[in-house]
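Student: I'd like to ask some things about the structure below.
The values are calculated or read from the model by the stated rules, or taken from the named source; none is laboratory data. Just so you know, these numbers come straight off a predicted model, no measurement behind them. A quick note on method: Cβ atoms are made from the backbone with ideal geometry, for glycine too, and the neighbour counts reach across all protein chains shown.
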Amino acid sequence: MPTQSNHKLARRSFLKIGAFGAAGFTLPQLLQAEAKAGIKSSQKSVILIYLVGGPPHQDMFDLKPDAPKEIAGPWKPIATNVNGIKICEAFPLLAGMMDKLTIIRSIVGNQDGHDAIQVFNGHHPKKMTPAGGWPQFGSTVAKIQGPVDQATPPFISMCYTCTHGPYNEPGPGFLGSSYTPFRPMGPSRKDMILQGINLNGLAERKNLLRSFDHMRRDVDAKGMLKGMDTFNEQAFGLLTSSRLADALDLSKEHPHTVERYGTGDPTKFIDGNGAPRVPQSMLIARRLIEAGARVVTLNYSKWDWHGGMKAEGRDNNSIFVREKEDFPIFDKCVSALIEDLHQRGMDKDCSVVIMGEFGRTPKISNIVGRDHWPQVNCALVAGGGMKMGQVIGATDRIGGEASQRPVKFGELYSTLYHNLGINTNEVTLNDINGRPQFLVEDNAQPMPELV
């Protein structure tokens, strides 16, 4: 294999250590690179769960039973194990552990279209954006903190690729392709499945791909494919890591735990363009955090319930029929995740945040649905050593506007960075023009109610 120049070796070393801690390094090289990069050994972590399409806040965690029927809907609130907090009757398991959860009812500044970008990086897509675009949260954390364990990437995405493009994660932005998440459910999935190939055969395949890489680099003199060799190194390095492979293998989990979360069909994309309803993704997320990931993202189901009739089968597709189908599954898997983190002693270190891109209209439409509503949004948070058993903020009598303690995305993200040990007042990242960029909007600070 041709000897690389010092410049190229340095670049490759940076990509491997900074993004994924890849294969092929000797232990002394790894230790030297870690020391130089200042990589920390502690593992604070975040699981970010995106509810695709915008969940109905007033039917889940901010019910308005005294509002007119066309606003309140049929669901009734039930008491939780925290005095004074009530949530939807379809969530009895979550109600029984409200002391381990916090509801944010008053998120403002939401974008108004089906665009997941704000959920994944906390930046409004219509505000000023640096050249290259804002990196998503996990990419930023991977850049700043690097890997906890060289066998596990710091940022793993369990998100399924949706046919509606804006539902998908925005990518690494100005940080570049090296900070794209490792995606065992995405393009790298084929590299995670050996299908009878032994490690010797895998090594031969790796050499073959390296040859193709050299050819592509010769053809692409401008370096447009410079991220491709990084991805190949990632796939092979991670594939041969038993720790990561074990984390992704639910056959190694106790059957009772798998049953507690529930399972869904990963090939069935809800409404065709949403994400699959796959509760086991939350279990895999916990296992990946245990394996050393700092950030795990996942998308779950499809929550864009405008109502009406399905084009095929003419089945009733009212929002309340869909809620009756989705809510119990959501109650089971989310409560399982929170319970699991506490039972394993992970609740102080692992933060969980669950949200969609906006709320839904207070008034139920004439086709029995709720439409997009950017005026206010709701989130559920847990773990991370945060203060639990509370409700932050409030909305008016119809759930249409924040009436108390409006919360900005920047505040929520500043809190998540804080939980990871990253000071958003001090840490910046240089964009592609070399300009330092702060991590959150508007000098937002961690939420004092949580930290």
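Student: Report whether or not residue 106 is of a type outside the set (D, E, K, R) and either in a strand (DSSP E or B) or surrounded by fewer than 20 Cβ atoms within 10 Å (Cβ to Cβ) (or both).
Tutor: The answer is yes for residue 106.
Student: Can you tell me which residues in region 255-277 are part of a loop (DSSP other than H, G, I, E, B) and aliphatic (A, V, I, L, M)?
Tutor: Scanning region 255-277 gives 270, 275.
Student: Provide a single number: the residues in region 335-370 that are farther than 18 Å from residue 105 by Cα and of a type outside the set (S, T, N, Q).
Tutor: Total meeting the criteria: 18.
Student: With surrounded by 18 or more Cβ atoms within 10 Å (Cβ to Cβ), touching a Gly at 6+ places or on another chain (Cβ under 9 Å) and of a type outside the set (D, E, K, R) as the only criterion, which of 365, 403, 351 stands out?
Tutor: 351
Student: Looking at (1) in a loop (DSSP other than H, G, I, E, B); (2) among the acidic types (Asp, Glu); (3) farther than 23 Å from residue 442 by Cα, which is the one condition that is false for residue 99?
Tutor: Checking residue 99 against (1) in a loop (DSSP other than H, G, I, E, B); (2) among the acidic types (Asp, Glu); (3) farther than 23 Å from residue 442 by Cα, the one that fails is (1).
Student: So in region 259-269, with the set limited to residues that are touching a residue at least 40 places away in the same chain (Cβ under 8 Å) and either in contact with a Lys or Arg (Cβ under 9 Å, 6 or more places away or on another chain) or among the small types (Gly, Ala, Ser) (or both), which one is surrounded by the most Cβ atoms within 10 Å (Cβ to Cβ)?
Tutor: 261
Student: Another question, if that's okay. Out of all the residues in region 403-420, is one or more closer than 30 Å to residue 74 by Cβ, in a loop (DSSP other than H, G, I, E, B) and at pLDDT 95 or above?
Tutor: Checked against the condition, which is being closer than 30 Å to residue 74 by Cβ, in a loop (DSSP other than H, G, I, E, B) and at pLDDT 95 or above, region 403-420 yields at least one hit.
Student: With the requirement that a residue be over 21 Å from residue 410 (Cβ atoms), buried (at least 19 other Cβ atoms within 10 Å of the Cβ) and of a type outside the set (D, E, K, R), what does region 83-103 give you?
Tutor: Result: 85, 87, 88, 90, 91, 94, 95, 97, 98, 101.
Student: Still on this model: Return the residues of region 278-298 that are of a type outside the set (A, V, I, L, M, F, W, C), within 18 Å of residue 336 (Cβ to Cβ) and outside any loop (DSSP other than H, G, I, E, B); say none if nothing qualifies.
Tutor: Listed by number, the residues that qualify are 280, 281, 286, 287, 290.
Student: Okay, next question. Of all residues in region 361-375, which are touching a helix residue (DSSP H, G or I) at 6+ places or on another chain (Cβ under 7 Å) and within 19 Å of residue 51 (Cβ to Cβ)?
Tutor: Matches in region 361-375: 362, 369, 370.
Student: Further, regarding this structure: I'd like the full set of residues that are surrounded by 15 or more Cβ atoms within 10 Å (Cβ to Cβ) and assigned to a loop (DSSP other than H, G, I, E, B), limited to region 121-136.
Tutor: Scanning region 121-136 gives 122, 123, 124, 125, 129, 130, 132, 133, 134, 135, 136.
Student: With respect to residue 49, is the statement that it is among the hydrophobic types (A, V, I, L, M, F, W, C) and at pLDDT 95 or above true?
Tutor: Yes, satisfied.
Student: For residues in region 406-438 being in contact (Cβ under 8 Å) with a residue 60 or more places away in the chain and closer than 23 Å to residue 372 by Cβ, which is surrounded by the fewest Cβ atoms within 10 Å (Cβ to Cβ)?
Tutor: Going through the qualifying residues, I end up with 406.
Student: Quick check on residue 87: is it in a strand (DSSP E or B) and either under 15 Å from residue 399 (Cα atoms) or out of contact with any strand residue (DSSP E or B) (no Cβ under 8 Å at 6 or more places or on another chain) (or both)?
Tutor: So residue 87 fits the description; yes.
Student: For region 359-373, state whether one or more residues are under 28 Å from residue 136 (Cα atoms), of a type in the set (A, V, I, L, M, F, W, C) and part of a helix (DSSP H, G or I).
Tutor: no
Student: Still on this structure, I have one more. Show the residue pairs that are 6+ apart or on different chains and have beta-carbon atoms under 7 Å apart, the first residue being within region 323-349 and assigned to a helix (DSSP H, G or I), the second being surrounded by fewer than 20 Cβ atoms within 10 Å (Cβ to Cβ) and of a type in the set (S, T, N, Q).
Tutor: Note: no pairs meet the criteria.
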